[in-house]
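Values quoted throughout were computed directly from the atomic coordinates according to the rules given, and no laboratory measurement underlies them. For clarity, every value in this text was computed on a predicted model and none was experimentally measured. For neighbour counting, all protein chains shown are included, and Cβ atoms are generated from backbone atoms with ideal geometry for every residue, glycine included.
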Ligand SMILES: Nc1nc2c(ncn2[C@@H]2O[C@H](COP(=O)(O)OP(=O)(O)O)[C@@H](O)[C@H]2O)c(=O)[nH]1
Ligand SMILES: [Mg+2]
């Protein structure tokens, strides 16, 4: 049984410049909901001062709801993050990026939909009511990626890769078990797509919401790294078209 109402999980890799500000902003908005909560940061082998900052923050009385887990074998992109969901105690789980590209005002809407029969809430950055500031190159790559995904997996969603999502705890734990761990670490952010595919197969109700999104200045994504996920995607597709 969930012990608290809300868990926020944030992956972090070399985020020393923004981590304090992000934690303060997330805490501020969540406190306003008057719900019990926890924040878990997944430090994935950062080699800057991210873990030192986290040690200091969790010791300070200002952040009683903050915890972190540090992995030595990172960066693993989504793999160590996936392993960390089982550490959460909340009835509802929100996954968000450290650079707060999303407007945090959407959190209350996401919780609303989880309270009203949906198992998962995802943004649609291509919705006509969405307000997006993105680098044009990344916008085009993202459009192409989504067209490719829709063609292979018929998800029916325009946006299959956003890092910002909310789930009922039992839903994400079930999906994580299903999706397993990719030891080759090539899956990268296709993990976000895989989560949607598994949810659809399980008949989980997914709510799409429009979103205000302002892309962070830097990105851990590089074309060279992400291109490696293509053989993984094809293998996943071949396996799933047999079942
Ligand atoms: N756990 C983990 N988090 C990572 C890794 N690489 C990036 N991140 C985090 O993932 C989130 C998204 O990264 P970001 O660079 O903003 O990616 P983008 O928004 O897709 O360009 C941020 O919270 C990063 O700190 C990693 O290897 N492991
Ligand atoms: Mg970002």
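Side notes on the structure shown:
- Kirkwood Rh, Cα atoms: Rg over Rh of the range 4-79: 0.97
- Among beta bridges from DSSP that stay inside the chain, the antiparallel ones total about 20%.
- Largest to smallest principal axis extent of the C-alpha atoms in the range 149-224, angstrom: 36, 34, 28
- Pairwise FRET efficiency - residue 25 versus residue 56, Cβ, R0 = 25 Å, nearest 0.05: 0.90
- Rounded FRET efficiency, nearest 0.05, which uses the C-beta distance separating residue 181 from residue 240 and R0 of 22 Å: 0.80
- Between residue 47 and residue 69, the contour length at 0.36 nm per residue exceeds the alpha carbon distance by 6.5 nm.
- Cα-Cα P(r), the range 4-242, percent of pairs per 10 Å interval: 7, 33, 40, 18, 2, 0
- Each stretch of four or more DSSP H residues adds -39500 (n - 2.57); spread over every residue of the chain, this sum gives -12000 deg cm²/dmol at 222 nm.
- Residue ranges 147-158, 90-101 sort as 90-101, 147-158 when ordered by packing (mean number of other C-beta atoms within 10 Å per residue, highest first).
- Taking a ≥ b ≥ c as the square roots of the Cα gyration tensor eigenvalues, the range 37-104 comes out rounded, since a/c falls below 1.5.
- Förster radius 25 Å - calculated FRET efficiency between residue 135 and residue 105 (Cβ-Cβ, nearest 0.05): 0.60
- Structural descriptor for the chain: relative contact order 23 percent, calculated from alpha carbon pairs under 8 angstrom and at least 6 residues apart.
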